[in-house]
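Peer 1: Structure incoming, see below.
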Amino acid sequence: MEVILKQDVPDLGYINEKVNVKPGYARNFLIPQGIAILATEPNKKILAENLKQKAFKADKVLNEAEELAKGLKDLTVKIGAKAAESGKIFGSVNAIQIAQALKDQFKFDIDRKKIHVDGEHIKELGTYKARIILHKEVQLDINFEVFAE
């Protein structure tokens, strides 16, 4: 019996996948639990349309991430921090300050959770790199400079 899975099932298949199972398993477990539906012609058409819409949305998100990456590619973000004479910063610079500086200086609104700084926190003046993950396929490194205010 062919069914369409509505959620991931270990050792059987993934969401929106058509699988063949024994009729008793489908009628007694998968369908009553809401894990699967019968793979009738109308349900197959609905599945095809849902997959088509999902692919369109995924392409749109990927294109938006690529456009944003083009804008961010060669930028150097400047972040001011209070520092001692030796170059040590009072406190540290992290992803929150980088996200705020990108917003203030270049009008790019990027979630701080998408910014990954090498070594977590920066505690000295200098030039560093941060990785921005805009999409699972779109990642880039930006330079940022920490200077004394």
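Coordinate-derived values only; no laboratory data. As the structure is a computational prediction, the values presented were derived from the model and not from experiment. No Cβ is skipped: glycine too gets one built from the backbone with ideal geometry, and neighbour counts run over all protein chains shown.
Peer 1: Tally the DSSP beta bridges in region 68-149 and give the antiparallel ones as a percent, rounded to 5.
Peer 2: The antiparallel fraction comes to roughly 70 percent.
Peer 1: With just the Cα atoms defining each centre, how far is region 71-129 from region 51-69? Give it in Å.
Peer 2: Here the two parts' Cα centres lie 28 Å apart.
Peer 1: Region 2-66: D in µm²/s via Stokes-Einstein (Kirkwood Rh, Cα pairs, 4 °C, 1.567 mPa s)?
Peer 2: 100 µm²/s
Peer 1: Report, in listed order, any pair from Lys52/Lys103; Lys70/Lys114; Lys73/Lys103; Lys60/Lys113 with a Cα-Cα distance greater than 24 Å.
Peer 2: Over 24 Å Cα-Cα: Lys52/Lys103.
Peer 1: For helix 41-72, what angle does its Cα long axis make with the longest principal axis of the chain, in degrees from 0 to 90 and rounded to 10?
Peer 2: Between helix and principal axis, roughly 10 degrees.
Peer 1: Moving on to the next point. Of the options Gly13, Ala26, Gly71, report the single residue whose Cα projects farthest towards the positive end of the charge dipole of region 6-78 (beta-carbon charges: Lys, Arg +1; Asp, Glu -1).
Peer 2: The one lying farthest along the dipole's positive direction is Ala26.
Peer 1: Additional query: Angle, helix 95-106 long axis vs. longest principal axis of the chain, Cα atoms, 0 to 90°, nearest 10?
Peer 2: Helix 95-106 and the main axis of the chain meet at about 80 degrees.
Peer 1: Please compute one quarter of the surface area of the Cα convex hull for the chain and express it in square nanometres.
Peer 2: With every direction weighted equally, the projected area is 12.3 nm².
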